[in-house]
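Heads up, the thing below is written out as structure tokens.
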Amino acid sequence: MKITNKEKMTNFCFIIPALILFLVFSLYPIVRTFELSVFQWNGVDKNMVFVGFAQYKDILFNNPSFWKSMLNAGYITLLALTIQNGLALLLALLVNQNVKGENIYRTIFFLPPVLSGVVVGLIWKFVFDGNFGILDHFLYGLGFKEFHDYAWLSEIKTAISSVAVVHMWKGFGYGFIILLAGLQTIPVELYEAARVDGANSWQQFKNVTLPLLMPIFTIVSILTILGTMQIFDLIYSMTRGGPAGHTHVPITKIYEYMNNGEFGYSTAMAVVFGVVLLVISYAQIYFSKKFK
Amino acid sequence: MDFPKLKRSISATITHFILIIVSLSCVFPVFWMVSSSLKTQEEVFSKMSLLPSTWNWSNYVTAFVKADFGQYFLNSVFYTVVGVFFVIFISTLAAYAFARLEFFGKSFFFYLLIATLLIPIPGVFVPLFLLLKNLSLLDTRTGLLLCYISNGLAFAIFLLKGFFDELPKEVEEAALIDGCSRFGIYYRIALPLAKPAIATLVIMNALTIWNEFLLALVVLQDKAKMPIQRGLMVFQGTFVTDYPLLMAGLTIATIPIVIVYLYMQKHIIKGIAAGALKG
Amino acid sequence: MLRAVLCLFAVSALFFSSCSKEAVELDVDVMVWHWMTDRQDAFEKLAKDYFTKTGVKVIFETYAPSDVYKNKISAAATANLLPEIFNPMANKKEIASYINAGFVADITDDMNKDNWKDVFFQRALENLSFEENNEWGVKSGIYGVPIDVSSMLIYYNKDLFRQAGLDPEITPKTWGEFVAFAKKLKANDIQPFVSGFGENWIIGAFAQSYQWELFGKEGILSTIDGVIPYTDARWVKIFNLFKELKDNNLLATGVVTMINKDAERGFATGKFAMAFNGSWGVNVYNSMNPNLNYGVFYLPILPEAQHPMRFFGGEGSAFYVNSKSPNKQKAIDFLKWFTSEEQQSFLSKATSNIPANKNASSDLPPILKIFAESIANTFGQLQKIEDWQVVNVLNTSLQSVIIGEKTPQKAAKDVQDEKARQMKNKKATA
């Protein structure tokens, strides 16, 4: 069927509302951000000092702590991509197969995303606390005497992983409901047809569920990457980037600069960070297309 | 011995074991939040007991009054309902077009939209604020809503396009031959089929808008327009935090969103029946 | 289809109707934005009194926590929408920007009238003033009004002292005694010392006291100028103090990521015997555990130090007046009334703080009295400040020493490296 130009024009109408909002409220501020990033400015001063790409140069070659924070976020993202998404997929599959009480589980698994960050931060700090922490009590009870007063969030070895655990716990619910929605849109007929062909449940999973769910899983992965790389609230409420800066992530760094009157510099950091995210997401899309 | 039956019951046990362990970790904070909301300030710290020694239900009344929830509640409902509606409406239209229709600059616009997901918020905060000022939208509900709606779009379009891509094309083609307009196909066929995805998005956007407060606090000046999260600030003192009242306030603020979830998640599941009937 | 259109229509109607009934003009003379949620009730009561007395309507609005407040202020400044009274919550350099951009009123003349300025603790007022020839080019004068004053000392739990066999009425005077006391507590299975060292500024405040004692004002200024390097033996000594606490296990477990609220909770519930904290702690501990039996002592001195010990403190909270508001004078007059003896007394009692008005501080409870006496010995803000990135590296290096990641020598070297880097940057831009 040949599509005429007139049709193309009417088709374009579908995206006009989104496009207008996007251009005004997203693209314009981003362009302005880019503009601010070539100035040295503290957000209040009347005069902004034009410095060209000097701030970019400093970020790229002279700011190891920013790149360290990027690695931290990358580490949490790797964990989230594997463990969090694996858990989300597993739970979505389990709940999807008509287990008893699936309604209850479905509701419960979305509680962490719904909960306020204040509560989550407080609770998990109780868990990881080195003085009366729940986890230490538990491990001590199991006979691991060395964990008697281990402060999980204050030791370099465990701080970032501990934060990652909380992040994954808070986030798996999103992946869970998106994947569940994905599983629900797979037509039942396909399973029936597979069963008629004599496929067992593993074969049904491999030949029907997996290929049809793959695109949704890719979307969930990209959202996980973007969501985790931009992690902020949890870090701030649990460690403030400590111990000694070992759990800083890009957004906490950007805020740190912003709060210290380095407005222009922090926007340049935001731009650099955005470019890194762009590259990562593009790579993710590219590879998932290749696997398909 | 009935092996298949035994096997099934073992796998059911393992399934439930995993589900219950994860569930417990999710329920505990809620339990703790509600339990703390009924304690006294002293008790929250001194005794790490699971249940309050006396159940101070009056904390809820105090929290409600002190946080002016009555005033903020309707605002939040308004922002959430209108915001979510427009996010869904605009994003389904656009996502459908990106998935199914041909037009100029399709992939260019798609990737441009997606790029907004990548720029972290702190950078665009001040430009956005200045923009609202220039449009005379500072301290208006419209301004705040427009920000909320455009914030939700990229994510929604991205997710929905994925779902529309996967939907079977045959029905639509049949409808097209029957003389149905493109909008008719979108509205009558594509939307019902994508119901689970839409329900998911409603939940997520409702959650985001309901919990948002930084933008609201900065954009709005007039207290009468502020959302519910504004009320919760009252308990988070610079020095003294009133934990029982804070927890009571948080509980009150969490309930509506749980209700939205309970209601919408049924539609995530209903999709199976709808899809089966039409597909 | 029809249903959807109707629905859309209804929602849009709601949408636009709600937008049209904008801005019910409020009849406010002086708007105050503040972050002290726990003082809102007391503020409101005073505002009401003021209205009955003068007919000037003052409204207090809270935005908390303070990070959010700071965001709100800087956004409002960008759009020229600041209220009559506010506080940028920033360091001297940033305050200077606010002043230079014309957001903050110079209130020197009003302060000189009727000896208003004489009612305040001098240190508090000094911190809110700019001296002649300061490095930011601000006209010399007074720019802020202190509401209360505070300082940071060491609290101790008398019951835990007794438990460890220590006399709760005898407190350590020197660093050596302090460590000995702490060891005794530790030997009795009591965690000796806690503070919100997870917050950079608190660990910095502790170190700064010793910086003042070892370097004195001139020494600190030379350090900022880059004449004295951070690798100076005295700096290594300061890092070593933290190492000593760490090596003897005298710090609370997890202290490096502890925010002050957690540290306060731990002290209030008797988990830790001593806490480095500000005078606001009196109110906090009281709300968490009214039965806590505690005292306060000054930071232990280093006998070898050449200069007097100085504490972190000065103005606890302060307000600035918006110079662009037509009601500027009304705002200043209100603050004048607000900081007079009677109102300050009331505020002090209602919120357990030390009033900025020293005449109102005569009948303070004993613990607060000790804090009030220490105000004269707090170190003031200098007219020159160290680059924030150097301060940042310094504070995180202190944490690094506590977790054993860096030796004191290495920590000192890292700070000096950052200092050198910043000096080079400054030279490049200048």
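Of everything listed in (1) more than 7 Å from chain B (Cβ to nearest Cβ); (2) closer than 30 Å to residue B:127 by Cβ, the single unmet condition for residue A:79 is (2). Considering region A:42-59, the residues that are more than 10 Å from every other protein chain (Cβ to nearest Cβ) and closer than 15 Å to residue A:271 by Cβ include one that is surrounded by the fewest Cβ atoms within 10 Å (Cβ to Cβ), namely A:52. In region C:252-278, what residues are more than 10 Å from chain A (Cβ to nearest Cβ) and either farther than 25 Å from residue A:236 by Cα or among the hydrophobic types (A, V, I, L, M, F, W, C) (or both)? Across region C:252-278, the qualifying residues are C:263, C:267, C:268, C:270, C:273, C:274, C:275, C:276. Only one of the listed residues (C:367, C:385) is of a type in the set (Val, Ile, Thr) and closer than 20 Å to residue C:93 by Cα. That residue is C:385.
Checked against (1) facing chain B (nearest Cβ under 10 Å); (2) over 21 Å from residue C:346 (Cα atoms); (3) surrounded by fewer than 18 Cβ atoms within 10 Å (Cβ to Cβ), residue C:40 passes all but a single condition, namely (2). Take the conditions (1) among the small types (Gly, Ala, Ser); (2) buried (at least 19 other Cβ atoms within 10 Å of the Cβ); (3) not in a helix (DSSP H, G or I); residue B:179 misses just one of them, which is (2). Working only within region B:213-258, note down all residues that are surrounded by fewer than 23 Cβ atoms within 10 Å (Cβ to Cβ), part of a helix (DSSP H, G or I) and within 8 Å of chain C (Cβ to nearest Cβ). Those that are surrounded by fewer than 23 Cβ atoms within 10 Å (Cβ to Cβ), part of a helix (DSSP H, G or I) and within 8 Å of chain C (Cβ to nearest Cβ): B:214, B:217, B:223, B:224, B:233, B:234. Meeting the requirement of 2 or more residues that are under 30 Å from residue C:400 (Cβ atoms), more than 12 Å from chain C (Cβ to nearest Cβ) and at pLDDT 85 or above, the helices (runs of 4 or more DSSP H) wholly within region A:88-169 are A:117-128, A:134-141. Scanning region C:170-204 for residues that are touching a residue at least 60 places away in the same chain (Cβ under 8 Å) and part of a loop (DSSP other than H, G, I, E, B) yields C:171, C:172, C:173, C:190, C:196, C:197, C:198, C:199. Among all positions in region C:275-290, there is at least one residue which is among the hydrophobic types (A, V, I, L, M, F, W, C), closer than 18 Å to residue C:181 by Cα and assigned by TED's automatic domain parsing to the domain that holds residue C:182.
Quick one: how many residues across region A:217-230 are β-branched (Val, Ile, Thr) and at pLDDT 90 or above? Counting residues in region A:217-230 that are β-branched (Val, Ile, Thr) and at pLDDT 90 or above gives 4. When the residues of region B:157-184 are filtered to those that are facing chain A (nearest Cβ under 9 Å) and among the hydrophobic types (A, V, I, L, M, F, W, C), the one that is farthest from residue A:34 (Cα to Cα) is B:176. Is at least one residue of region B:34-57 within 11 Å of chain A (Cβ to nearest Cβ) and hydroxyl-bearing (Ser, Thr, Tyr)? Yes. Every condition in (1) in a helix (DSSP H, G or I); (2) within 26 Å of residue A:88 (Cβ to Cβ); (3) within 11 Å of another protein chain (Cβ to nearest Cβ); (4) of a type outside the set (A, V, I, L, M) holds for residue A:255 except the one numbered (2). For the subset of region B:126-145 comprising residues that are outside any loop (DSSP other than H, G, I, E, B) and in contact (Cβ under 8 Å) with a residue 12 or more places away in the chain, which member is surrounded by the fewest Cβ atoms within 10 Å (Cβ to Cβ)? Ranking the qualifying residues of region B:126-145, first place goes to B:145. Looking across region C:179-226, the residues that are aromatic (Phe, Trp, Tyr) and within 14 Å of chain A (Cβ to nearest Cβ) come down to C:193, C:197, C:201. Scan A:224, A:267, A:218 and give me the residue that is in contact (Cβ under 8 Å) with a residue 60 or more places away in the chain, among the polar types (S, T, N, Q), more than 23 Å from residue A:83 (Cα to Cα) and assigned to a helix (DSSP H, G or I). Going through A:224, A:267, A:218 in turn, the sole match is A:267.
Within region A:217-236, can one find any residue that is under 16 Å from the mean Cα position of the chain (by Cα) and of a type in the set (Asp, Glu)?
yes
Criterion first (more than 26 Å from residue B:246 (Cβ to Cβ) and without any contact (Cβ under 8 Å) to a residue 24 or more places away in the chain) does residue C:51 satisfy it? Taking the combined requirement at face value, the residue satisfies it.
Just one of the numbered conditions (1) under 30 Å from residue C:358 (Cα atoms); (2) crowded, with 16+ Cβ neighbours inside 10 Å; (3) acidic (Asp, Glu) is not true of residue C:414: (1). Of the residues examined, residue A:65 is not one that is among the hydroxyl-bearing types (Ser, Thr, Tyr) and within 12 Å of chain B (Cβ to nearest Cβ). Residue A:186 fulfils the conditions (1) in contact (Cβ under 8 Å) with a residue 24 or more places away in the chain; (2) part of a helix (DSSP H, G or I); (3) away from chain C (no Cβ under 14 Å) except for a single criterion, (2). The sole residue among A:23, A:19 that is surrounded by fewer than 17 Cβ atoms within 10 Å (Cβ to Cβ) and either part of a helix (DSSP H, G or I) or among the acidic types (Asp, Glu) (or both) is A:23. For region B:43-53, the condition of being at pLDDT 90 or above, surrounded by 15 or more Cβ atoms within 10 Å (Cβ to Cβ) and under 30 Å from residue C:270 (Cα atoms) holds for none of the residues.
Checked against (1) away from chain C (no Cβ under 14 Å); (2) part of a helix (DSSP H, G or I), residue A:198 meets all criteria but (2). Within region B:17-39, identify whether any single residue is of a type in the set (S, T, N, Q), at negative phi and touching a residue at least 60 places away in the same chain (Cβ under 8 Å), and answer yes or no. Checked against the condition, which is being of a type in the set (S, T, N, Q), at negative phi and touching a residue at least 60 places away in the same chain (Cβ under 8 Å), region B:17-39 yields at least one hit. Do we have any residue at all in region C:201-223 that's more than 23 Å from residue C:307 (Cα to Cα) and modelled with pLDDT under 95? Within region C:201-223 (the criterion being more than 23 Å from residue C:307 (Cα to Cα) and modelled with pLDDT under 95), the answer is no, since none of the residues qualifies. Here residue A:248 fulfils each of the conditions (1) closer than 30 Å to residue C:254 by Cβ; (2) part of a helix (DSSP H, G or I) apart from (2).
The values are calculated or read from the model by the stated rules, or taken from the named source; none is laboratory data. On a predicted model such as this, the values are computed, not experimentally measured, just so you know. Cβ atoms come from the backbone with ideal geometry, glycine included; neighbour counts cover every protein chain shown.
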